[in-house]
């Protein structure tokens, strides 16, 4: 009778990833001491993405899966991010075009209850 055994990954891989996550979290925390700006935002997002990628690859075992499964799991979120980016760009274009065409809005915002 054949027995199926799962693949056992060496513990060293998990310890290295744990250390990398610790270091990346330290860098992410260090950005709190930077002034506001594009560099700080970029670094926060970069460290966040690197940590998420490490967790998915090592702790969720995606690094050892076939390419077809990786694409099936990671493809839809990437497609959604692309579509969100396109919508954001289109929204900015629409707003800029409206302001160029009609100028600043003169509509006064009235709070409910104040007639």
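Each residue of the chain gets 243 Å³ once the volume of the Cα convex hull is shared out per residue.
Note on the chain: with a GNM built from Cα contacts shorter than 10 Å, the maximum mean-square fluctuation among 72, 52, 88 falls on 88. Largest mean-square fluctuation among 48, 62, 34, in a Gaussian network model of the chain whose springs join Cα atoms under 10 Å apart, belongs to 34.
Note on 25, 111: ascending count of other Cβ atoms within 10 Å places them as 111, 25, the fewest first.
Tell me, what is the percent relative contact order of the chain, built from C-alpha pairs under 8 Å that lie six or more residues apart? If you can, show how the numbers build up before the last one.
Details: 27 pairs, mean separation 21.1, N = 115.
Here the relative contact order equals 18 percent.
Seen from all directions on average, region 10-64 presents a Cα convex hull projection of 3.7 nm². Taking the chain as a Gaussian network of alpha-carbon nodes connected by springs under 10 Å, the highest mean-square fluctuation of the residues 19, 75, 35 belongs to 35.
No lab work stands behind these numbers, since they all come straight from the coordinates. Here the structure is a predicted model, which is why all the values come from computation and not from measurement. We place every Cβ from the backbone using ideal geometry, glycine too, and count neighbours over all the protein chains shown.
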